[in-house]
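*Asks:* Following this message is one structure expressed as structure tokens.
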Amino acid sequence: MSGFVEKPEPVEVPGLEHLHTGKVRDLYRDGDGRLVMVASDRISAYDWVLPTEIPDKGRVLTQLSLWWFERLTDLVPNHVISTELPAGAPADWEGRTLVCRPLEMVPVECVARGYLTGSGLTEYEQTRTVCGLALPEGLADGSELPSPIFTPATKAAVGEHDENVSYEEVARQVGAETAAQLRQATLAVYGRARDIARDRGIILADTKFEFGFADGDLVLADEVLTPDSSRFWPADEWQPGRPQASFDKQFVRDWLTSPGSGWDRHGELPPPELPQEVVERTRAKYVEAYERLTGLNWS
């Protein structure tokens, strides 16, 4: 069992039709058919959306995505039309709302990996491959790969695991031409972002993108290159052969799996509220990622 501890009621806004409540984002449609995407402060771990929110998290994700979108437009267009609040929207939506063009979404999580960790490491340890791609012997947790690889996954519903699949399987699902476009765009965006992050003392270990089509053109959608969709590691602490320090929700994961939480991640009961210290340290990590990447002060 997994999902939301308690699924929130959508905010009612005149002129907006609520379409979907995701792990973090709420999706609406306005009277012109445009999508309105609102990033909440919800946080998920181990396939659960937790009962405790992380203040400012939704704004950090939105503002960081916008910063990246500006630096990627020459590689691939994005779905953002405006950041102006729809009429009647609550003030709390300020800074966390994107008005976007609707896309025909591709049902594939487009993952780029430059370093070996996570589910990629698990597969490598068993087969010396990741998504069917053969890798050299001798790699460890955190090892840099000889070159970045495209390791797609099928998109799962809330509470379900995304499933890593081969490039050939993606080609079967969406067609060879679309699969090739996805791989090219994913690796191009990863390469650009990796170099930008490296200049700021941060390793972009891996990241996932979502794409859709508008008028026949491939378009980058949803969030991009945030601590929720990417593994960012401080370069000066990188040491292959062990788990790496990261700019994400690791404090949350560590506390949930500690004896002090009293929670069994393999049981059926939902996770408990987070302690204030874990909330504050997690918020600080999100803010630090934003500030180190952008060079801007969070306020």
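*Asks:* State the Cα centre-to-centre distance between region 230-289 and region 1-34 in whole Å.
*Replies:* Using only Cα atoms, the two centres lie 27 Å from each other.
*Asks:* Ranked by Cβ crowding within 10 angstrom, fewest neighbours first, how are Leu98, Leu64, Leu27 ordered?
*Replies:* Neighbour counts put them in this order, fewest first: Leu27, Leu98, Leu64.
*Asks:* Scan the chain and note any complete DSSP helix (H) whose C-alpha atoms cover at least 30 Å along its axis and whose Kyte-Doolittle average is -0.5 or more.
*Replies:* The qualifying helices are 176-199.
*Asks:* If you don't mind, there's one more thing I want to ask. What are the ³J(HN,Hα) couplings of region 256-269, residue after residue, when phi is run through the Karplus curve with 6.51, -1.76, 1.60 and θ = phi - 60°? Round to Hz, x for glycine and proline.
*Replies:* With coefficients 6.51, -1.76 and 1.60, one gets 4, 8, 7, x, x, 6, x, 10, 9, 5, 9, x, 9, 6 Hz.
*Asks:* If you don't mind, there's one more thing I want to ask. Nothing charged except the Cβ atoms of Lys and Arg (+1) and of Asp and Glu (-1): what's the magnitude of the dipole of the chain about its Cα centre? Round to the nearest 20 debye.
*Replies:* Its charge dipole is roughly 520 debye.
*Asks:* Under a point spin-label approximation (7 Å from Cα along Cα-to-Cβ), what is the Lys7-Ala140 distance to one decimal in nm?
*Replies:* Taking the simple label geometry, Lys7 and Ala140 are separated by 4.5 nm.
*Asks:* Moving to a separate point now. Using a Gaussian network model of the chain whose springs link C-alpha atoms within less than 10 Å, name the residue from Ala180, Ala221, Ala112 with the highest mean-square fluctuation.
*Replies:* Of Ala180, Ala221, Ala112, the most mobile in the Gaussian network model is Ala180.
*Asks:* List, in order, the whole-Hz ³J(HN,Hα) value for each residue of region 134-150 obtained from phi through the Karplus relation with A = 6.51, B = -1.76, C = 1.60 and θ = phi - 60°; use x for Gly and Pro.
*Replies:* Per residue, the Karplus-derived 3J(HN,Hα) values read 6, 10, x, 5, x, 7, 10, 4, x, 5, 6, 7, x, 7, x, 10, 9 Hz.
*Asks:* What is the set of long-range amide H partners of Ser40 at a cut-off below 5 Å, with H atoms built 1.01 Å from backbone N?
*Replies:* It is Arg25, Asp26, by chain and number.
*Asks:* Additional query: Under 19 Å between alpha carbons, and skipping anything fewer than 8 positions from Lys155 in its own chain: which lysines qualify?
*Replies:* Lys23, Lys208
*Asks:* When a/c is below 1.5 the answer is rounded, else prolate if a/b is larger than b/c, else oblate, so apply that to the chain with a ≥ b ≥ c taken from the square roots of the Cα gyration tensor eigenvalues.
*Replies:* rounded
*Asks:* Between Ala235 and Leu296, how high is the FRET efficiency from 1/(1 + (r/R0)^6) when r is the Cβ-Cβ distance and R₀ = 22 Å? Nearest 0.05.
*Replies:* For Ala235 and Leu296, the calculated efficiency is 0.65.
Bear in mind that the values in this text are calculations on the coordinates, not laboratory data. As the structure is a prediction and not an experimental result, all values here were calculated from the model. A quick note on method: Cβ atoms are made from the backbone with ideal geometry, for glycine too, and the neighbour counts reach across all protein chains shown.
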